[in-house]
1. Report yes if PRO5 is in a loop (DSSP other than H, G, I, E, B) and either of a type in the set (D, E, K, R) or under 21 Å from ALA232 (Cβ atoms) (or both), otherwise no.
2. Within the group LEU214, LEU181, LEU219, LEU198, which residue is free of Cβ contacts under 8 Å to residues at least 60 places away in the same chain, surrounded by 19 or more Cβ atoms within 10 Å (Cβ to Cβ) and touching a helix residue (DSSP H, G or I) at 6+ places or on another chain (Cβ under 8 Å)?
3. Hey, any hits in region 20-30 for a residue that's surrounded by fewer than 16 Cβ atoms within 10 Å (Cβ to Cβ) and modelled with pLDDT of 95 or more?
4. Within region 34-92, track down each residue that is charged (D, E, K, R) and at pLDDT below 95.
5. Exactly one of (1) surrounded by 18 or more Cβ atoms within 10 Å (Cβ to Cβ); (2) closer than 26 Å to ALA157 by Cα; (3) polar (S, T, N, Q); (4) out of contact with any Ser or Thr (no Cβ under 9 Å at 6 or more places or on another chain) is unmet by GLN2. Its number?
6. Filter region 39-52 for residues that are in contact (Cβ under 8 Å) with a residue 24 or more places away in the chain and either small (Gly, Ala, Ser) or surrounded by 16 or more Cβ atoms within 10 Å (Cβ to Cβ) (or both) and give the result.
7. If I ask for residues that are in a helix (DSSP H, G or I) and either surrounded by fewer than 24 Cβ atoms within 10 Å (Cβ to Cβ) or without any contact (Cβ under 8 Å) to a residue 12 or more places away in the chain (or both), which ones from region 74-102 would you list?
8. Conditions: (1) in contact with a Phe, Trp or Tyr (Cβ under 6 Å, 6 or more places away or on another chain); (2) in a loop (DSSP other than H, G, I, E, B). VAL127 meets all but one. Number of the miss?
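The values are calculated or read from the model by the stated rules, or taken from the named source; none is laboratory data. Predicted model, so just to flag it, every value in this text is computed and none were measured. Every residue, glycine as well, gets a Cβ built from its backbone with ideal geometry; the counts of neighbours run over all protein chains shown.
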Amino acid sequence: MQVIPAIDVEQGRSRVVFWPGVSAGTGAPTDRPERIAEHFVALGAPLIHVVDFEGARRGQPVNTEALGAIASRVATPLQLAGGVDSAEAIRLAFAAGATRVVTSLAVADDAAVLRGCLDVAGDWLAVGLDARPDRLAAFSWHRANPPSLQELLSELAGQGVRRFVLAHATGAVEAGDVAALARTVDAELLVAGGVTDLDGVRRVRDSGAAGIILGEALLSGAIDYQAAREAAT
């Protein structure tokens, strides 16, 4: 299972200050996304997940300079989430340096928009979904009855989506739901959010997920990256 570091970017800076040498009192803290990305790529990160907070609010990528700075420093795929819910926004993200994108649930409920996004991004498009049943049911669906998570994933996979990012899925992992999805859905499943220790990493690994996205837990030092990689094997 891949262990994917995440950097939440706001106003060009990481929202969590990272100090890799804090335990030894060496080095210096940084909130520069490109330096944080460099650190984890040097440790073997296969992918860097970047969340554009302003982009999510405005509906198009905003922190393009920060994304470009990361792309100029690491030769590793960059996955952007936030503000990439249209074909035009995805083109902007790719031009800035992203190589993958994560759309929101809104795209999943609009077949025409989803088709346009897939036409631009193809297999490099993921759909981000909140795995909590109550949140899924509360979405303003353009259909009579809200789908279950499994129904929605199967539907989207049938339309060509090959990757999903499941947020807030740790409870579902414990219940075995993600394991069931991994067995039945022909797509790559990444789990994001909620894991704060190595036991959580192991539970996600055992669920059959292809990857786990770790943000604040890594940057705060709660989880050591190399230890997480070992727990994921």
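1. On the way: in a loop (DSSP other than H, G, I, E, B): no; either of a type in the set (D, E, K, R) or under 21 Å from ALA232 (Cβ atoms) (or both): yes.
It is false that PRO5 is in a loop (DSSP other than H, G, I, E, B) and either of a type in the set (D, E, K, R) or under 21 Å from ALA232 (Cβ atoms) (or both).
2. LEU181
3. No: zero hits.
4. ARG57, ARG58
5. (1)
6. Correct list: PHE40, VAL41, GLY44, ALA45, LEU47, ILE48, HIS49, VAL50, VAL51, ASP52.
7. Passing the criteria: ALA87, GLU88, ALA89, ARG91, LEU92, PHE94, ALA95, ALA96.
8. Status for VAL127: all satisfied but (2).
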